[in-house]
Amino acid sequence: MTCDHGSDAVGAPLEIVLVRHAQSVPPVAGGPDELHRPLTPAGLAAAAALAPSLIALRPTAVVSSPYLRAVQTVAPVASALGLTVETAWELREWDSGVQPGPDWAEHYEASWADPALARPGGESLDQLTERAFSAMAALADEHGRLVVVGSHGTFVARLLAGMGHDVDVAFWRNMPMPAVYRVTWP
């Protein structure tokens with residue numbers, strides 16, 4: 001998907017290549033926390049296979065959520081280009097306020113039906129969209145022509161939805177791992 005957000009800014013807008021992380025170890029009680037869940041062997045292979053197409057874009061920076069699975073997905077690109085993976089807390093996954101469990105999908109769908117819904121200790125999908133927009137604005141201020149951004153499915157989906165694309169819970173559910181979306185940010 002290529003998206004054009006439009007631009008009123010002077011000069012060339014920033015191109016952002018959003019990369020949803022590859023397949024990761026599933027969240028389980030007692031398993032690695034959200035920050036430390038790694039990619040599976042298949043996820044690592046998918047990240048390596050994705051790298052040549054992203055390297056060909058010649059990004060000026062590679063920035064990622066600090067979550068290990070997002071960093072591992074974009075690390076091959078950064079390494080091949082001699083860049084470091086910068087991390088930004090704002091690019092993290094949605095803090096839903098819901099713990100892993102059998103009713104997680106039900107809570108997730110309810111949040112998409114009412115994006116203003118925030119559970120205790122969590123953020124609403126509307127708040128996530130605002131965070132995503134703020135993160136993209138900060139990247140535009142900091143970086144040049146094209147940036148690869150490693151993040152998460154809900155983050156990417158809410159950013160695209162906020163940019164006016166037809167994105168809903170079904171879109172999120174069907175997003176591949178990894179997934180790549182190139183957007184223009186004013």
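The values are calculated or read from the model by the stated rules, or taken from the named source; none is laboratory data. Nothing here was measured: the structure is a model prediction, and the numbers come from that model. Quick reminder, even Gly has a Cβ in these numbers, built from the backbone with ideal geometry, and neighbours come from all protein chains shown. With ligands, DNA and RNA removed, areas are computed over all heavy atoms of the protein, side chains included. Shrake-Rupley method; radii C 1.70, N 1.55, O 1.52, S 1.80 Å.
How do the pairs read when you match residues in region 28-44 that are free of Cβ contacts under 8 Å to residues at least 60 places away in the same chain and of a type in the set (Val, Ile, Thr) with residues anywhere that are open to solvent by less than 30 Å² (accessible area, probe 1.4 Å) and outside any helix (DSSP H, G or I), using Cβ under 7 Å and keeping only pairs 6 or more apart or on different chains?
Pairs found: THR40/SER24.
Considering only region 100-109, I want to know if a residue exists there that is more than 16 Å from PHE155 (Cα to Cα), in contact (Cβ under 8 Å) with a residue 24 or more places away in the chain, open to solvent by 40 Å² or more (accessible area, probe 1.4 Å) and under 20 Å from the mean Cα position of the chain (by Cα).
The answer is yes, given that some residue of region 100-109 is more than 16 Å from PHE155 (Cα to Cα), in contact (Cβ under 8 Å) with a residue 24 or more places away in the chain, open to solvent by 40 Å² or more (accessible area, probe 1.4 Å) and under 20 Å from the mean Cα position of the chain (by Cα).
Name the residues in region 110-139 that are within 16 Å of the chain's Cα centre (by Cα) and of a type in the set (Gly, Ala, Ser), would you?
If the condition is that a residue be within 16 Å of the chain's Cα centre (by Cα) and of a type in the set (Gly, Ala, Ser), then ALA132, SER134, ALA135, ALA137, ALA138 are the ones that fit.
Considering region 146-166 alone, what residues qualify as being assigned to a helix (DSSP H, G or I) and farther than 19 Å from GLY97 by Cβ?
Initially, region 146-166 is screened for residues assigned to a helix (DSSP H, G or I), giving 153-162.
Correct list: VAL156, LEU159, LEU160, ALA161, GLY162.
Tell me, which residue of region 74-97 that is open to solvent by less than 30 Å² (accessible area, probe 1.4 Å) and of a type in the set (Val, Ile, Thr) is farthest from the chain's Cα centre (by Cα)?
Checked region 74-97; the qualifying residue farthest from the chain's Cα centre (by Cα) is VAL77.
Among ALA113, ALA140, ALA157, ALA132, which is of a type in the set (A, V, I, L, M) and surrounded by fewer than 14 Cβ atoms within 10 Å (Cβ to Cβ)?
Numbers: ALA140 fails: surrounded by fewer than 14 Cβ atoms within 10 Å (Cβ to Cβ); ALA157 fails: surrounded by fewer than 14 Cβ atoms within 10 Å (Cβ to Cβ); ALA132 fails: surrounded by fewer than 14 Cβ atoms within 10 Å (Cβ to Cβ).
Exactly one of ALA113, ALA140, ALA157, ALA132 is of a type in the set (A, V, I, L, M) and surrounded by fewer than 14 Cβ atoms within 10 Å (Cβ to Cβ), namely ALA113.
Kindly provide the set of residues from region 116-129 that are of a type in the set (Asp, Glu) and open to solvent by less than 40 Å² (accessible area, probe 1.4 Å), ordered by number.
So in region 116-129, the residues of a type in the set (Asp, Glu) come out as 123, 126.
Residue satisfying the conditions is GLU123 alone.
Which count do you get for residues in region 34-66 that are in a loop (DSSP other than H, G, I, E, B) and farther than 22 Å from ILE16 by Cα? Quick ask: steps written out before the conclusion?
Step one: list which residues in region 34-66 are in a loop (DSSP other than H, G, I, E, B), which gives 34-38, 40, 56-60, 65-66.
If we keep only those that are farther than 22 Å from ILE16 by Cα as well, we get 34-38, 40.
Counting residues in region 34-66 that are in a loop (DSSP other than H, G, I, E, B) and farther than 22 Å from ILE16 by Cα gives 6.
In region 64-100, which residues are among the hydrophobic types (A, V, I, L, M, F, W, C) and in contact with a strand residue (DSSP E or B) (Cβ under 7 Å, 6 or more places away or on another chain)?
Pass one, region 64-100, residues among the hydrophobic types (A, V, I, L, M, F, W, C): 68, 70-71, 74-75, 77-78, 80-81, 83, 85, 88-89, 91, 94, 98.
Matches in region 64-100: ALA70, VAL71, VAL74, ALA75, VAL77, ALA78, LEU83, VAL85, ALA88, LEU91.
Looking at region 160-186, I want the residues that are over 19 Å from GLU15 (Cβ atoms) and have a partner that is among the basic types (Lys, Arg) with Cβ atoms under 9 Å, at least 6 apart or on another chain. Which pairs are those?
Close Cβ pairs (under 9 Å, with a partner that is among the basic types (Lys, Arg)) amount to VAL167/ARG158; TRP172/ARG158; MET175/ARG20; PRO176/ARG20; MET177/ARG20.
Restricting to region 160-186, what's the tally of residues that are open to solvent by 10 Å² or more (accessible area, probe 1.4 Å), more than 22 Å from GLU109 (Cα to Cα) and under 14 Å from the mean Cα position of the chain (by Cα)?
Of region 160-186, the ones open to solvent by 10 Å² or more (accessible area, probe 1.4 Å) are 161-178, 180-182, 184-186.
If we keep only those that are more than 22 Å from GLU109 (Cα to Cα) as well, we get 180-182, 184-186.
Going one step further and asking which of them are under 14 Å from the mean Cα position of the chain (by Cα), we end up with 180-182.
Number of matching residues: 3.
The rows are residues; the columns are (1) on the phi > 0 side of the Ramachandran plot; (2) modelled with pLDDT under 95.
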site: LEU35; (1), (2): no, yes
site: LEU39; (1), (2): no, no
site: PRO76; (1), (2): no, no
site: GLY82; (1), (2): yes, no
site: GLU86; (1), (2): no, no
site: SER96; (1), (2): no, yes
site: PRO100; (1), (2): no, yes
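Going through region 1-33 one residue at a time, which ones are crowded, with 17+ Cβ neighbours inside 10 Å, at pLDDT 55 or above and part of a loop (DSSP other than H, G, I, E, B)?
PRO13, HIS21, ALA22, GLN23
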